[in-house]
Amino acid sequence: MRLAMRSEILIGWIAGALLISLFLGSAYSGNDAETFRVGTGALKDQLWEIAANEFRALAGDSSKSPYAASATYYLGYCDFQLGQYAEVKRILSIYLSNWPSGEFSIQAKYHLARALFELGELERVRQLLEDVSSVAGELQDAGTFWLARWHYEQAEFDKSIELLKKLISSGSPQYMDAALYELSRAYSGAAKYVESIETARRLLKRPIEGEIHSQTVLLIASDLASLGRFDEAIKEALPLVEDPTRNATVHSKATALIADAHLKAGEPDKAMAYFQDFIANKPDARSERWASHQIAECMVSMSDCRGADGILHNRVEGFSERNISDLAAAIANCYSLQGEHGAAAAVLEFALSRLVNGDLRLLTGLQLAEAQFKAGDFSGVILQLSPLLARGLLNQDKEAAAAALVMVAESHERLNSLDEAERAYRLLLSLKPEESKIELALERLTSVLIRRGDLDAALGSLNQLVNSSKDLARIAQTAGRLVASFVKSGKRDRALKLAESTLTRFSEEAKRNENSSAQSARQAFFAELSRSQMCSILLSLAENSEGKMAPEGQAELLFAAAECCYIAGSTASASTIYLEVCRRYPEWRETYAASARLGAISFAEARFDDALKRFEAAAANAPPDKRCNLRYMVAESLFRMGRLPESLTLFLGVASAEGCDADVVQNACLKSGMIYEELGKFAEAVAAYERCRSMGCNEMATSVAGKRLSRLGG
């Protein structure tokens, strides 16, 4: 808001002008004196146009009239009151040029500064207002006020605050309300929202009304919203919307503020209703476009992707390119979250067709390629991004080029265009991008080279990854794949050598840093070899690790070899190795898992007595969260051996224990019912079956329990 203060009471110097005119009238005769008297009389009566016409005849640097100086200033003053600021600038510049120390030099500087303010020509304003505010007199407070306003316009909020506080402390009645309002605005501009609110509320306690009251309330509401106090902001602004006496501008501003507060508060449905009311009040075209854009944002927040898409298509002619780019990105993300990647690509393609700005086209083009990639349109990704790369993107924006090359390379991989994928990854590496992209490129390049069968080159790429990456899990998985490829190509010695060097790297890292990820990386490496059924490699590594690796590492390696054999179906070999783990490493934290595997093998082979022994050993040494399932297997072994009372006790314990898997508990209930039934305790059997059927975790258990209940009449 601008408090123009255009009617400053300058009675003293106007009265002085009349006295001068009488004196000059007695000293000079002719038309000049008469013209000047008429002009000053009209000036006193605020007949600005009449006064200006009279003074214009006497004013100017070429005038020979003795009234030239006074008439020139008065003409500028009249033009100021008429809002003819360009003329004010011209006339008062003449005055200050010809009479820099004239009687009205301070007034001329003040009104020239005000005119320049209105014209938006702020370069000269500061010096003029500093001159005015430094001279005691009727315009000192006015000069201070507008100098503070100048600092505000320059975003020099602290200087504005300092001047306004000085003006307020002086007790100037003429500027008190305006200074309080501007001080509140300056605090808000400096993001000192609490101080702004306190100052604005101080102003509201004064007898103010009309526009300044409305604007002060809006300022408080805006500051509350900036503090994230959206409910309070809405409550503050709502009376301005509901009061029919408020003017249309205030109503629209309050409506927009409430709508925006609802949107930021995560209430897009309420926000959209207020944005629609805002549009219904017929704002200017720019404000209507803004509200339409906000409605689309609300729709995106409510996952109404198609509604927002419709607004973009229907209103696109009025949106700025930035609005088009941002809104299309939001709508595309909305579609992607719903799995509609094709629709996401379509809206970005539409936006791209409307953009001219190179930076926005690049951003939207990358987003389009990402949407195409998610939609599985890998050829589209390549067609979209290759021209950008060819047109010099590599030199213009390294970060964008790196992102584009990742998508192009991965798209070539998906299309089995391995030569092109390799070239793209090598080009990406040549850009020396950020560390994460270097690691990704080296990992994917190694994978591409493995698929091509170029294992020597893959080994070189892996070595680069090892030397540049701290992500040991990434190294473990990539090295595991290359080991498997060496074995499959008949190069077992090289596979073993690579596996040993990888384990050495992890061991060295573990020694350097006990809290490192080396242990989990080692486990990931073993898991990768197991998935690839590299059992012989794991066994060889285990044999070769004697004395070269800590006992825990040797145990992990031997267990991984056993797991590999178990997964491959070689249960005899697996049993031998599991037994070795239990014998050699009884204190290892995972030895219970080896015992459990031995129990499972014996159970599958109907050797329930051995299974019982293995499961009991496993349950005794397992961590608390693993014991329940193992106790169930102990009970199952006893059940299969016909030791029903013992197994019943254990099944009931499992059924009532905390932390057991739900399907294990359901099976325990079923088995309890079966034992009760076998022992002739039918009421207990019915209760156990009913609990089993009610759980519904395991379809087969539920079905069996239902059938047995039917047989028992339950």
For Lys89 the rounded accessible area (nearest 10 Å², probe 1.4 Å, non-protein molecules ignored) is 70 Å²
Which percent of Cα-Cα pairs in region 76-133 sits in each 5 Å bin, short to long?
4, 23, 34, 27, 11, 1
Computed E for Arg584/Arg322 - FRET, C-beta separation, R0 56 angstrom, nearest 0.05
0.25
Can you compute the modelled spin-label distance between Arg451 and Thr504, with each label point 7 Å from Cα toward Cβ, in nm?
3.2 nm
Ellipsoid semi-axes in whole angstrom, largest first, where each is sqrt(5λ) of the Cα gyration tensor of region 381-434
17, 12, 8
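How do the peptides 192-203, 502-513 rank, highest first, by the average count of neighbouring beta carbon atoms within 10 Å per residue?
192-203, 502-513
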For labels at Lys491 and Arg711 in the simple 7 Å Cα→Cβ model, what's the distance in nm?
6.2 nm
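Are there any GluC sites (Glu not before Pro) in region 607-714 that are in a DSSP loop and have at most 14 other Cβ atoms within 10 Å? List them by number.
Glu658
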Region 561-696: mean projected area of Cα convex hull, nm²:
8.5 nm²
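Between Gln154 and Asp231, take the C-beta separation as r, use R0 = 41 Å, and let me know the FRET efficiency to the nearest 0.05.
Details: r = 35 Å, r/R0 = 0.84.
In this case the efficiency is close to 0.75.
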With 15 Å as the cut-off, how large is the P(r) tail for region 613-662, expressed as percent of Cα-Cα pairs?
40 percent
Report, please, the projected area of region 450-582 averaged over directions, based on the convex hull of its C-alpha atoms, in nm².
7.8 nm²
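Let's test the formula: R0 of 35 Å, r as the Cβ-Cβ distance of Ser520 and Ser656. What FRET efficiency results, to the nearest 0.05? Each step should come with its number before you reach the end.
Numbers: r = 35 Å, r/R0 = 1.00.
Given R0 = 35 Å and the Cβ-Cβ separation, E is 0.50.
Once the Cα gyration tensor of region 321-395 is diagonalised, what are the square roots of 5 times its eigenvalues, in whole Å and ordered largest first, as equivalent ellipsoid semi-axes?
Values: eigenvalues 74, 51, 13 Å².
Working through the eigenvalues yields semi-axes of 19, 16, 8 Å.
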So how far, in whole Å, is the C-alpha centre of region 174-231 from the one of region 407-485?
59 Å
Can you return the lysines within cross-link range of Lys109? Criterion is Cα-Cα under 20 Å, with same-chain partners fewer than 8 residues away left out.
Lys89
Rounded to whole Å and sorted largest first, list the principal axis extents of the Cα atoms in the chain.
138, 69, 49
Under a 1.4 angstrom probe, counting protein chains only, how are Leu363, Leu449 ranked by accessible area, largest first?
Leu363, Leu449
Counting all Cα-Cα pairs in region 516-588, those more than 20 Å apart amount in percent to 23 percent
Quick check for you: with a 1.4 Å probe and neighbouring chains kept, what is the accessible area per residue of the chain, in Å²?
47 Å²
The computed P(r) of region 98-228 puts the percent of Cα pairs beyond 26 Å at 25 percent
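Would you calculate a helix-derived [θ] at 222 nm for the chain, using -39,500 (n - 2.57) for each DSSP H run of n ≥ 4 and dividing by the full residue count, to the nearest 500? Present the calculation step by step, with values, prior to reporting the outcome.
Working: 38 runs with 549 residues, N = 714.
For the chain, the value works out to -25000 deg cm²/dmol.
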Within the accessible area of the chain, what % is carbon and sulfur when the probe is 1.4 Å and the other protein chains stay in place?
49 percent
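Quick one: order Asp397, Asp284, Asp223 from most to least accessible surface, probe 1.4 Å. Walk me through the numbers on the way to the answer.
Working: Asp397 60, Asp284 90, Asp223 0 Å².
Per-residue accessible area, sorted high to low, gives Asp284, Asp397, Asp223.
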Heavy-atom accessible area of Arg90, protein chains in place, probe 1.4 angstrom, given in Å² to nearest 10, is 120 Å²
For labels at Arg201 and Ala285 in the simple 7 Å Cα→Cβ model, what's the distance in nm?
4.4 nm
Amide H proximity to Ala265 below 5 Å, modelled H, separation 5+ or other chain, gives none
Rank Gly143, Leu428, Gly569 by how far each Cα sits towards the positive end of the charge dipole of the chain (+1 on Lys, Arg Cβ; -1 on Asp, Glu Cβ) and give me just the farthest.
Gly569
If you split all Cα-Cα distances of region 61-159 into 10 Å bins from zero, what percentages do you get per bin, shortest first?
17, 48, 28, 6, 1
Can you quote the Å³ per residue value for the convex hull of the Cα atoms in region 265-382, rounded to an integer?
95 Å³
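The values are calculated or read from the model by the stated rules, or taken from the named source; none is laboratory data. Fair warning: this is a prediction, and the values are worked out from it, not measured in the lab. No Cβ is skipped: glycine too gets one built from the backbone with ideal geometry, and neighbour counts run over all protein chains shown. The area values use the complete protein model at the heavy-atom level, side chains included, leaving out ligands, DNA and RNA. Shrake-Rupley method; radii C 1.70, N 1.55, O 1.52, S 1.80 Å.
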